[in-house]
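Q: Dumping the structure here so I can ask a few things about it.
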Amino acid sequence: MNPFMVHMLNSKLNQLTAQELVQLAGQYQFPVSMQEANKVIGILRRYNINITNAAQRAEIIEAIAAEVSREKANYIQYLINNYLNR
């Protein structure tokens, strides 16, 4: 992936708000409640996200699965993989 795109994606993920996550999920027809979005954002805030770090991505996905739901974690992983494979 282009280094500029990696930087932009990392910045966005590190600054994402719950409201933005709900809106983004809606664009992809992925239902997420504000409560779930707040939990996901809380998990993301624990990290200085580097989207190219596979171990960190796996840790984040597992935390989302444990604290929110496996379904949401799988979908978020799917979206991330789509961006990384562009």
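The values are calculated or read from the model by the stated rules, or taken from the named source; none is laboratory data. Keep in mind the model is a prediction, meaning the values are calculated, not measured. For neighbour counting, all protein chains shown are included, and Cβ atoms are generated from backbone atoms with ideal geometry for every residue, glycine included. Each accessible area value is taken on the protein alone, full model and side chains, heavy atoms only, with ligands, DNA and RNA left out. Shrake-Rupley method; radii C 1.70, N 1.55, O 1.52, S 1.80 Å.
Q: Which length gain, in nm to one decimal place, applies between Ala54 and Gln35 when the Cα-Cα distance is subtracted from 0.36 nm times their residue separation? Write down the numbers at each step before the final one.
A: Numbers: separation 19, 0.36 × 19 = 6.84 nm, distance 2.67 nm.
Going from the current span to full extension adds 4.2 nm.
Q: Still on this structure, I have one more. Do the sum for the chain: with -39,500 (n - 2.57) for every DSSP H run of n ≥ 4, divided by all residues, what is the mean residue ellipticity at 222 nm, to the nearest 500 deg cm²/dmol?
A: Details: 5 runs with 63 residues, N = 86.
Rounded to the nearest 500, the figure is -23000 deg cm²/dmol.
Q: Run the numbers on the chain and let me know its relative contact order in percent, using alpha-carbon pairs under 8 Å that are six or more apart. Intermediate results must be reported in sequence, preceding the final value.
A: Details: 60 pairs, mean separation 23.8, N = 86.
Normalised by residue count, the contact order of the chain is 28 percent.
Q: Using the basic label-point model (7 angstrom from Cα toward the beta carbon), what is the Leu24 to Tyr47 distance in nanometres?
A: Result: 1.2 nm between the two label points.
Q: If you count only protein heavy atoms with a 1.4 Å probe, what accessible area per residue comes out for the chain, rounded to a whole Å²?
A: On a per-residue basis, the chain sits at 62 Å².
Q: Per the 1.4 Å probe, what fraction of the accessible area of the chain, in percent, lies on carbon and sulfur atoms? Could the numbers behind the result be given before it?
A: Details: 2890 of 5370 Å².
Answer for the chain is 54 percent, counting heavy atoms of protein chains only.
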